[in-house]
Amino acid sequence: MRQIFPSGSDGLLKYDIAPEVTAFSPLRDAVLPMRVVQAHQVHGDRVAVVTSAGTTREELEGYDALVTDVPGVAIGARTADCIPVLMYDPVRRVVAAVHSGWKGTVLKIAAKTLAVMASKYGTRAADILAVIGPGIGPESFQVGPEVAEAFLGAGFPETWYPSKKHSADYSEKTGAVTCSHSSCLVHNFPLEITGSTDSSPIDSHTIRLITDRGPRIPGSMSGGLHIDLPQAVRLTLLRAGVHDANILISGIDTYTHPGFFSARREGPSCGRTVNTIMLNPCPSPEPSKELP
């Protein structure tokens, strides 16, 4: 997985995951180039296995993640500030599209999707290539104390020191990242956030998932508690065994980027970005030529 391509004339932000996969996030005025199977999402943690391109949203009521191993079946996660996660297992040839808002992140939906891929297809987290697409950034995700408390209660730290071995030191037996919670995390504070007010990440070795930025200024995103949702999703993937080097973060804040829908900026009735991934259809075999 090498890079993110800027949107072209088709208005698609394309992800270079692998040659056999098509993956993208469309900008707000883009037209989807194919039919995309989408769920009726509810900010939960249920995962559906999709086997047909004709599957409807009504059939996927209450699901927030989709997986498929069927070539030519595009699946999507609908977002407007929530975090989309697109995943590909190049060994078992399985793809996943995950809607991970703050509630889904607290529920660790990305890890639960990997568990479904493992039980259904034999996927190993160490083989996964993942994209964390456009979503609300830490500068814009101002929250109340109850949201910060939910993250702390779910085991997310205020401050996180990623292991230097995340991208290089793996277990030979399981292929999982060598990273126990005690080695990766600082303690969880009861809810008095005492860390620096600097934005995250601070440096290459310290990431603040929760920051207290001082008095909250009404009508703005200045001050108050802030959560780095993309990094929280990244931590969830790492804990599940995905290699850090195989996780690509778009770095696009949908609240400040006018090209993407933002429920916080525009209201909950705004449109949705359909973050899409598909196993490319297998080429048809050439007809055999009869000998003269």
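Each value in this text was obtained by applying a stated rule to the coordinates, not by laboratory testing. On a predicted model such as this, the values are computed, not experimentally measured, just so you know. Virtual Cβ from ideal backbone geometry, glycine too; neighbours counted across all protein chains shown.
In terms of other Cβ atoms within 10 Å, 140, 222 run from fewest to most in the order 222, 140.
Legend: ranking of residues 132, 75, 207 from fewest to most surrounding C-beta atoms inside 10 Å; resulting order 207, 132, 75.
How much net charge surrounds residue 265 when only the other residues with a Cβ under 12 Å from the Cβ of residue 265 are counted, with Lys and Arg +1 and Asp and Glu -1? Summing Lys/Arg as +1 and Asp/Glu as -1 gives -1. Counting neighbouring Cβ atoms within 10 Å and putting the fewest first, the residues 102, 160 line up as 102, 160.
Karplus-based coupling profile of region 262-267, in residue order and whole Hz: 9, 5, 5, 7, 10, x, with θ = phi - 60° in 6.51 cos²θ - 1.76 cosθ + 1.60 and x standing for Gly or Pro.
Taking amide H as placed 1.01 Å from N in the peptide plane, residue 83 has its amide H under 5 Å from the amide H of 100, 101, each at least 5 places away in sequence or on another chain. In this rough spin-label picture, where each label sits 7 Å from Cα along the Cβ direction, the residue 9-residue 61 distance is 4.4 nm. Take 19-28, 249-258 and order them by the average number of nearby Cβ atoms within 10 Å per residue, most first; the result is 19-28, 249-258. A simple count of charges around residue 155, restricted to other residues whose Cβ falls under 10 Å of its Cβ and scoring Lys, Arg +1 and Asp, Glu -1, yields +2. Consider a paramagnetic label point 7 Å from the Cα of residue 269 along Cα→Cβ; state which residues of region 115-159 have an amide N under 15 Å from it. Correct set: none at all.
For region 69-162, the average shadow cast by the Cα convex hull is 7.1 nm², which is a quarter of the hull's surface. For region 19-81, a/c is not less than 1.5, where a ≥ b ≥ c are the root eigenvalues of the C-alpha gyration tensor, and a/b does not top b/c. That puts it in the oblate class.
Neighbours of residue 90 by Cβ distance under 10 Å: Lys/Arg scored +1, Asp/Glu scored -1, total -1.
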